[in-house]
Amino acid sequence: MTTTPARARTDVTPTLGAATGLAEGTIRRLGLGLTAGTLAWAASIFAFSTVNEGVPERIGDLTGLAFQLGVFCLLAVQFRTRATGPSTVLLKVEAVILGIASVWSLLHGVLPSNLQDAAWLIPMDICWPLSMLGMMVIAIKIAVAGRWRGALRWWPLVAESWAIITVPSAILIGDSVARWVGGFHLLIGYATLGALLALRPHLVQPQN
């Protein structure tokens, strides 16, 4: 017997899962958060479209905020599982841009009408599409990195094709029809992505 403390081994590289993994229960809850936020925004789009004024516009802003909070749930899973690879710089930049966009959604939803279009809000509004562009880049990185497996490796690409499909639809066939395209795409893309995280959390956990 000896009282000398055991020395740390230097010949073994710590596994990624030990350092950054998430419990399956946490992944499930975050996935459900994404789905819930997406369902709220999709319901608003079905009811009021994305281009409106007055109370419907404010409802759209606040349900859009719920969606953005859901995307933060997705980012949390991506960050903790190192979904894009060892570097997390892209995920951190996206979190900042999405945070600014979320503040815009909140302010635009609650400020008096005469302040909703204030000049100082415009740069924050620009962060909305920029945040979605960032999520598209992240989706591509996830597919290339291959750390997420099965359907969850590719479903972020499905979710992030929302703007690519919805915006041209609005231009070509008008907002009255495009809102259904956009709403259903949210269900197929982000809402399903959240459900997959809740149902198959092991597919995003690092393999030891």
(request) Please work out the Cα center distance from the range 138-208 to the range 45-77, rounded to the nearest Å. (result) 17
(request) Could you calculate the contour length gain from residue 51 to residue 106, that is, 0.36 nm times the residue separation minus the distance between their Cα atoms, to one decimal place in nm? (result) 18.1 nm
(message) Restricting to Cα pairs below 8 Å that are 6+ residues apart, what does the relative contact order work out to for the chain? Please round to a whole percent.
(response) 33
(message) Please give the charge dipole size of the chain, origin at the Cα centre, charges +1 on K and R Cβ atoms and -1 on D and E Cβ atoms. Round to the nearest 20 debye.
(response) 1100
(message) For the pair residue 137/residue 113, report the inter-label distance in nm, with labels modelled 7 Å from Cα in the Cβ direction.
(response) 3.9
(request) May I ask you to work out the translational diffusion coefficient for the range 114-208 at 37 °C, viscosity 0.692 mPa s, via Stokes-Einstein with Rh from the Kirkwood sum over Cα pairs, reported in whole µm²/s? (result) 217
(message) Please report the net charge: other residues with Cβ closer than 12 Å to the Cβ of residue 48, K and R +1, D and E -1.
(response) -2
(message) If I fit a long axis through the Cα atoms of helix 24-48 and take the longest principal axis of the Cα atoms of the chain, what angle between them do I get, 0 to 90°, rounded to 10?
(response) 10
(message) Across the chain, what fraction of all alpha-carbon pairs, as a whole percent, falls in each successive 10 Å bin from zero upward?
(response) 9, 32, 32, 16, 7, 3, 2, 1, 0
(request) Could you point to the residue in 206, 173, 124 farthest towards the positive end of the chain's charge dipole, with +1 and -1 charges on the Cβ of Lys/Arg and Asp/Glu respectively? (result) 206
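Quick note: the coordinates plus some simple rules give every number you see, no bench work behind them. Everything numeric here is computed off the predicted structure, so don't read it as measured data. Quick reminder, even Gly has a Cβ in these numbers, built from the backbone with ideal geometry, and neighbours come from all protein chains shown.
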